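What follows is a structure written as structure tokens; I'll ask about it next.
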Amino acid sequence: MLFKGVDFWPHKKHFDLFAARKLCITVTSILLFIAVASVFTKGLNFGIDFKGGSLLEVQAKSGTLDISDLRSRLSTLNLGDIQIQSLDNPRDALIRVEQQTASGDLSAEQAQQAAANKVRDALGDTIDIRRVEVVGPGVSGELRNAGIVAVCFAIIGILFYVWFRFEWQFGVAAIVALVHDIMLTLGAFSLFGMDFGLNEVAALLTLAGYSINDTVVIFDRVRENLRRYKKMPLAQLVNLSLNETLSRTIVTSLSTFLAVSAIFFFGGEVIHGFAFAMLFGIVVGVWSTIIIATPLLVWLGVKRDWSETGSSVRKQPTAAAKA
């Protein structure tokens, strides 16, 4: 007998997802206020990509490179943030040292050179330095501005896509939920003091696409039901649409969450921030779709004349399905 998959989701059960929306929106508003306040007061702990610094590519002369031993040796140099990334070859690694500030008679450039010399001395004779690159304050500023522009253009592009595909109400609701996700994620980085660099910007862009994909699926079901049930109250119709897509939302989000969890726990320090942004973003993305996007769509209202040639008005669901 062939193995049959197990469907654990109670498809016949309909949840009233709007019952506690006022309480949920209040909680979300408080969390969002804390996140925004933290970003604008405490700020983000920018990584080497956005603060500048030095990049050294090193290789062990024999055997494999012991990353943990290398990290323990460099952590005693008091040079600020030092990141070590292993490469495909177990003998190679990348070392990033944050931008040094001017102190005493040393300029910023001289302090950076002195930091590189300290790293060379700490590496010893068993490790070769194959490449050295310096990211100055000007380049790091350009990277930071490029990251901000990338996120803004992604949000604007998503707005026009959803607006073009549906209506402006759908676009506004989706963007409000998306901005909510990004601000809460930035707030988490600010509150926990985690490094924020180009990897984390990539995570935000990935999160934006993932979050809007889930929202569009639900909005598409809302549009289908607007054609089917032309006299059903909008709040009831949206709640029905959420229930019809809830199993898909939970299962796909849980699958992605488990996959990214493996990266978070076993992927190493360099990709730790990326994985954290994805994990946190998946949770708040599902939350915002249910608590922010769909209630806002009900509040804004949508047109009810989505009729198509040849389509017929179907009967409304039974009382058991109107929960």
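The values are calculated or read from the model by the stated rules, or taken from the named source; none is laboratory data. Since the structure is predicted, the reported quantities are computational estimates derived from the model, not experimental observations. Cβ coordinates were reconstructed from backbone atoms using ideal geometry, including for glycine residues, and neighbour counts include every protein chain displayed.
For residue 194, work out the one condition from (1) free of Cβ contacts under 8 Å to residues at least 12 places away in the same chain; (2) at negative phi it doesn't fulfil.
Of everything listed in (1) free of Cβ contacts under 8 Å to residues at least 12 places away in the same chain; (2) at negative phi, residue 194 misses just condition (1).
For residues in region 216-239 being surrounded by fewer than 20 Cβ atoms within 10 Å (Cβ to Cβ) and under 30 Å from the mean Cα position of the chain (by Cα), which is nearest to residue 160 (Cα to Cα)?
Per the stated criteria, the residue is 216.
Which residue out of 156, 148 is out of contact with any Gly (no Cβ under 8 Å at 6 or more places or on another chain), part of a helix (DSSP H, G or I), free of Cβ contacts under 8 Å to residues at least 12 places away in the same chain and farther than 23 Å from residue 297 by Cα?
Residue meeting the stated conditions: 148.
Quick check on this structure: which one of 129, 95, 182 is surrounded by 14 or more Cβ atoms within 10 Å (Cβ to Cβ) and assigned to a helix (DSSP H, G or I)? So that I can check it myself, show each step before the final result.
Details: 129 fails: assigned to a helix (DSSP H, G or I); 95 fails: assigned to a helix (DSSP H, G or I).
It is 182.
Identify, please: which residue in region 185-197 is of a type in the set (Gly, Ala, Ser) and buried (at least 18 other Cβ atoms within 10 Å of the Cβ) and is, among those, modelled with the lowest pLDDT?
Within region 185-197, the first condition is being of a type in the set (Gly, Ala, Ser), and the residues that meet it are 187-188, 190, 193, 197.
With buried (at least 18 other Cβ atoms within 10 Å of the Cβ) added as a condition, the list becomes 187-188, 190, 197.
On the way: 187: 92, 188: 92, 190: 91, 197: 82.
Looking at the filtered set, the residue picked out is 197.
Considering (1) farther than 21 Å from residue 21 by Cα; (2) free of Cβ contacts under 8 Å to residues at least 60 places away in the same chain, say which one residue 283 fails and leave the rest.
Only one criterion in (1) farther than 21 Å from residue 21 by Cα; (2) free of Cβ contacts under 8 Å to residues at least 60 places away in the same chain is unmet by residue 283, namely (1).
Answer yes if at least one residue in region 45-58 is closer than 21 Å to residue 193 by Cα and aromatic (Phe, Trp, Tyr), and no otherwise. Give the derivation first.
First, the residues of region 45-58 that are closer than 21 Å to residue 193 by Cα: 45-53.
Filter once more, keeping what is aromatic (Phe, Trp, Tyr): 46, 50.
Within region 45-58, one or more residues are closer than 21 Å to residue 193 by Cα and aromatic (Phe, Trp, Tyr).
Considering every residue within region 111-121, establish whether at least one is outside the structural domain of residue 267 (by TED's automatic domain parsing) and within 11 Å of residue 70 (Cβ to Cβ).
Checking region 111-121: at least one residue is outside the structural domain of residue 267 (by TED's automatic domain parsing) and within 11 Å of residue 70 (Cβ to Cβ).
All but one of (1) in contact with a Ser or Thr (Cβ under 8 Å, 6 or more places away or on another chain); (2) in contact (Cβ under 8 Å) with a residue 24 or more places away in the chain hold for residue 225, so report the exception by its number.
Unmet condition: (2).
Only one of 269, 200, 224 is acidic (Asp, Glu), at pLDDT below 85 and either over 30 Å from residue 82 (Cα atoms) or assigned by TED's automatic domain parsing to the domain that holds residue 157 (or both). Can you tell me which?
That would be 269, the only listed residue that is acidic (Asp, Glu), at pLDDT below 85 and either over 30 Å from residue 82 (Cα atoms) or assigned by TED's automatic domain parsing to the domain that holds residue 157 (or both).
If you go through region 98-117, how many residues are more than 15 Å from residue 51 (Cβ to Cβ) and buried (at least 17 other Cβ atoms within 10 Å of the Cβ)?
Residues in region 98-117 being more than 15 Å from residue 51 (Cβ to Cβ) and buried (at least 17 other Cβ atoms within 10 Å of the Cβ): 1 in total.
Only one residue in 77, 65 is more than 16 Å from residue 195 (Cα to Cα) and surrounded by 18 or more Cβ atoms within 10 Å (Cβ to Cβ), so which one is that?
65
Could you name every one of the helices (runs of 4 or more DSSP H) located completely within region 13-83 that has at least 1 residues being at pLDDT below 80?
Numbers: elements: 21-41, 48-51, 67-74.
Per the criteria, 21-41, 48-51.
Being among the β-branched types (Val, Ile, Thr) and either out of contact with any Ser or Thr (no Cβ under 7 Å at 6 or more places or on another chain) or at positive phi (or both) is the filter here; which residues of region 236-248 pass it?
Going through region 236-248, the residues among the β-branched types (Val, Ile, Thr) turn out to be 238, 245.
Within region 236-248, just 245 meets the criteria.
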